[in-house]
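Have a look at this one.
The values are calculated or read from the model by the stated rules, or taken from the named source; none is laboratory data. Owing to the predicted nature of the structure, the values given are computational and were not obtained by experimental measurement. Counting neighbours? That spans all protein chains shown, and the Cβs are built from the backbone with ideal geometry, glycine included. To get the accessible areas, we keep the full protein, side chains included, count just its heavy atoms, and leave off ligands, DNA and RNA. Shrake-Rupley method; radii C 1.70, N 1.55, O 1.52, S 1.80 Å.
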Amino acid sequence: MSANFYPRSIRIIGASFILFTVLATGTRVLPSRQQGPQQQEQIVPSFPTGAVAAFPNPVAPLADGRLPVDKIFIRQDPPANNTIWVVEPQEVMLGPVAQDNKAASPSAASSKGVGFVVPQLDKGNYEAWYESPSQNQPGQSMKLAVVPQLLVEEGLKRSAPGAEIEIRVKISSPKLFVKNSTTPQAVSVPVRIQSSDPSVADVAASQAANVVTDAEGYARWKIRVKRTGLAEFTASANNFEPASVYVVGMSMPAQTLAEAELREAEAQATAREAEAQEAATRVTTLVARAQEETQTAKSRVTEAEVTLQRMPEKAAGKDAAVGRVMERQKAVEAIAESAEARVADARESAVEAQQRAAEARAFARAKAAVVAQVSTIREADLKPGDAFLVKGGTPIVSPAIMAFESSQLGGSAPYSHASLYLGEINGIKMVAEMWSSGYWITPLSVSISGAIIVDVFRWPDITDGKREEIASKGSNMFGEPYRYIRSNNPAFFTSGSPVPYAYEEIGLLTMAVKPLTLGITLRTLAIVVDALAGGRRKMICSELVAWVYRDVGLELQMTYWPKLSDAGIFSTDDRRKDYTTPNMIARSSNLRLMGRLKGP
C-alpha cells in the first residue's frame with residue numbers, strides 16, 4: 001500500500017522535536033525472522049503515522065533496478081491478536097552520500113534500502129518485517145512505536161470579520177490493509193476543535209465542535225470570524241498528537257495582522273486628526289458667526305436708540321420705542337449668551353477631538369513599533385541562500401521540549417523547522433529542505449503552505465556570487481537537482497530521495513530532554529546513532545542548512561545545548577551538524593533576521 005496523501009506539515013518534524021519516546025535508553029535486540037538478518041542492536045524510535053521508516057541494512061536490487069521486496073508486514077508488539085497489516089515497500093538510500101558534486105552520483109555513493117510509510121495504526125508498539133527475498137538476501141525486522149497525529153495543510157487562514165471560512169485537519173491515511181484481505185479497512189477518527197479566543201473566531205452556530213474524519217481522512221469545520229484579532233484553533237483526538245490552525249480576523253488586506261492593524265490604526269489616526277481639524281475650524285467659524293450676529297443685534301439696538309432720540313419728548317409712540325430698545329438690548333444679551341454657549345461647546349468638542357486624535361496617533365505609533373520589531377519581507381526581496389526558520393501548523397512540539405530548548409539557549413524557542421531558499425529554478429522560486437520522506441526541492445508555495453510563521457534569516461555582507469554558491473550547493477548537494485524537484489507535496493513521492501530523514505537523531509535529542517538522562521547514556525546513544533544516521537547518512541532539517549553553509553566556507557557559529565555539550569556529544573564536526581536545531585540557527589551570530597515572509 002502506498003500513502004495516497006501525506007501533508008507537507010509532517011516534515012515540520014525536522015526540528016519540531018516530536019516527543020519521540022525512545023523505548024530503550026540504550027539498545028534493543030531485534031529477532032531474526034526465517035532467514036532474517038543476524039540479531040543486531042539498535043535504538044528504537046517512535047514514528048508519526050505517515051512518516052517513512054527504513055530497515056537498517058541495504059539490499060541488492062533486482063536486475064531491472066526494482067527492490068526485491070514486495071510486502072512489508074506489521075503487527076503489534078507483543079502480539080495482541082492475529083492481525084497483521086501490509087504496506088508497500090519504499091526505496092530509500094542508506095550509507096554515506098557524495099559530499100562533492102564532482103563525486104559519484106548519489107546512487108553510486110549510497111546503498112539502496114527498504115523503507116515503508118507508517119500506516120494509520122493505533123498508538124502503541126509494533127514490529128515490522130519482510131521475508132527473505134532470496135537465499136542470498138536475508139529478511140529484516142525492526143521495532144517501532146507508532147504515534148498517530150493530526151496534520152495541517154493550511155496553518156494560517158485570514159478573513160474579514162463577519163465571514164465564514166473552512167478549516168480542516170486530517171489523518172495521514174484513511175485506509176489500512178490487512179494480510180490476506182483484498183478489502184481495505186476504513187479508518188475514521190472523532191476530532192474535537194476549540195478556539196483560544198471565541199470573541200475573535202469560533203465554530204459557526206450550525207457547526208458541531210466534534211466531527212468524524214471523512215473518507216478522505218479530513219475533519220472539517222465552518223468557522224465564524226467575529227472581529228479583528230487572532231485565534232488559535234486546536235484540533236485534538238484521543239491518542240493523537242494535536243494540530244493547530246491560526247485564524248486571523250483582518251479588516252483589510254495585509255501580509256500580517258500587525259500590518260493590517262497598523263494600516264487600520266493609521267487610517268483611524270488620520271480620520272481622527274481630520275475630525276479634530278474640522279472641530280477646530282468649527283470653533284473659528286462659530287466665533288466669527290457669533291461676532292457677526294452680536295454686531296448685527298447691536299446695530300439694531302443703535303438704530304432703535306437713534307429713532308428714540310429723534311422723537312419729541314412727548315411724542316406719541318415714544319413709550320413703544322423705549323420698549324423696542326429694551327427688547328433689542330435683551331436680544332443682544334441672549335444672542336451673545338447663546339453664541340458663547342455654542343462656541344464653548346464647540347471648543348470642548350474640539351478639545352475632545354484633539355484628544356482622540358492624539359490617542360489614535362499614539363496607538364498607530366505603538367502599532368508601528370510592533371511591526372518594526374519583525375518587519376515583513378516580500379517574496380520579491382528574497383535572496384538565494386536565505387535560511388527560513390519556520391513554525392509549523394502541526395504542533396508536534398512537546399511543550400516540555402520547547403521549554404527545554406528555551407532554557408538551554410535562552411529566550412524563546414519559536415521555530416520548529418528550517419529550510420533553504422534556492423532562488424529561481426526555471427523561473428519558479430524553490431526551496432530545499434528535509435521532509436519526512438527525505439531531501440527534496442519544492443516550490444516556495446508548497447514549502448510554506450502549512451506554516452504559521454516563516455522568518456527569513458540572511459548572512460549579511462557577502463556577495464551575490466556567494467549567495468548563488470550557497471543556493472547551488474543546496475540544490476546540488478546530492479546530485480543533479482532535477483532528480484529531486486517536486487512540483488507538489490513530496491509525500492506523494494516517498495521514494496527516490498538521496499538521503500533519509502534522521503529520526504534516530506531526534507530520538508537522542510528527545511532523550512536529552514528527560515531530566516534523569518545521564519551523560520553516559522547520551523554518549524552511548526550517540527555511538528549507536530553515529531552508525532545509523534551520523535554525518536550525511538541521514539539528516540534533520542536544520543542539519544541540512546548547517547551543512548550547506550559549511551560546505552561553501554560559511555561556518556555558522558552557534559550556541560549548542562549545554563546538556564549535550566556537557567555530555568561530550570559535540571566531539572566531531574559530524575555531530576555538531578547532526579544535533580543543530582532551528583533555534584540554534586536563529587541565534588547564530590552570523591545570520592540576521594531580515595523579516596517575516598508569512599505570519600499571523
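Which ones in the stretch 424-459 are part of a helix (DSSP H, G or I) and surrounded by fewer than 23 Cβ atoms within 10 Å (Cβ to Cβ)?
Within the stretch 424-459, Leu444, Ser445, Val446 qualify.
Right, next: So which of Val306, Val301, Val283 is open to solvent by 50 Å² or more (accessible area, probe 1.4 Å) and either in a helix (DSSP H, G or I) or free of Cβ contacts under 8 Å to residues at least 12 places away in the same chain (or both)?
When all the criteria are applied, what remains is Val306.
Yes or no: the stretch 492-503 includes at least one residue that is closer than 13 Å to Tyr579 by Cα, among the small types (Gly, Ala, Ser), at pLDDT 95 or above and under 26 Å from the mean Cα position of the chain (by Cα).
no
It is to be established whether one or more residues within the stretch 321-336 are out of contact with any Leu (no Cβ under 7 Å at 6 or more places or on another chain) and closer than 30 Å to Ala546 by Cα.
Checked the stretch 321-336: no residue is out of contact with any Leu (no Cβ under 7 Å at 6 or more places or on another chain) and closer than 30 Å to Ala546 by Cα.
Do you know which of the residues in the stretch 56-103 that are modelled with pLDDT of 90 or more and within 32 Å of the chain's Cα centre (by Cα) is surrounded by the fewest Cβ atoms within 10 Å (Cβ to Cβ)?
Glu88
Mind checking which residues of the stretch 464-486 are β-branched (Val, Ile, Thr) and at pLDDT below 95?
Ile485
For the list (1) open to solvent by 60 Å² or more (accessible area, probe 1.4 Å); (2) out of contact with any Asp or Glu (no Cβ under 7 Å at 6 or more places or on another chain); (3) modelled with pLDDT of 90 or more, I need the number of the one condition that Asn239 fails.
So Asn239 meets the others, but not (2).
Of these, Ala254, Ala265, which one is more than 21 Å from Gln120 (Cβ to Cβ), open to solvent by less than 30 Å² (accessible area, probe 1.4 Å), assigned to a loop (DSSP other than H, G, I, E, B) and of a type outside the set (Phe, Trp, Tyr)?
Testing whether each residue is more than 21 Å from Gln120 (Cβ to Cβ), open to solvent by less than 30 Å² (accessible area, probe 1.4 Å), assigned to a loop (DSSP other than H, G, I, E, B) and of a type outside the set (Phe, Trp, Tyr) leaves just Ala254.
Residues of the stretch 573-594 being touching a strand residue (DSSP E or B) at 6+ places or on another chain (Cβ under 9 Å), of a type outside the set (Lys, Arg), under 26 Å from Glu468 (Cβ atoms) and crowded, with 22+ Cβ neighbours inside 10 Å, which ones?
Result: Thr580, Pro582, Ile585, Ala586, Leu591.
Sticking with this structure for a sec: What is the residue count in the stretch 104-115 for residues that are open to solvent by 30 Å² or more (accessible area, probe 1.4 Å), modelled with pLDDT under 80 and not in a loop (DSSP other than H, G, I, E, B)?
4
Take Glu352 and decide whether it is part of a helix (DSSP H, G or I) and open to solvent by 100 Å² or more (accessible area, probe 1.4 Å).
The answer is no for Glu352.
Tell me, please, whether a residue that is within 23 Å of Gly496 (Cβ to Cβ) and open to solvent by less than 30 Å² (accessible area, probe 1.4 Å) can be found in the stretch 174-186.
no
Rundown of residues vs (1) among the hydrophobic types (A, V, I, L, M, F, W, C); (2) under 18 Å from Val211 (Cα atoms); (3) touching a helix residue (DSSP H, G or I) at 6+ places or on another chain (Cβ under 6 Å), yes/no style:
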position: Gly162; (1), (2), (3): no, no, no
position: Arg168; (1), (2), (3): no, yes, no
position: Ser172; (1), (2), (3): no, yes, no
position: Phe177; (1), (2), (3): yes, no, no
position: Gln185; (1), (2), (3): no, no, no
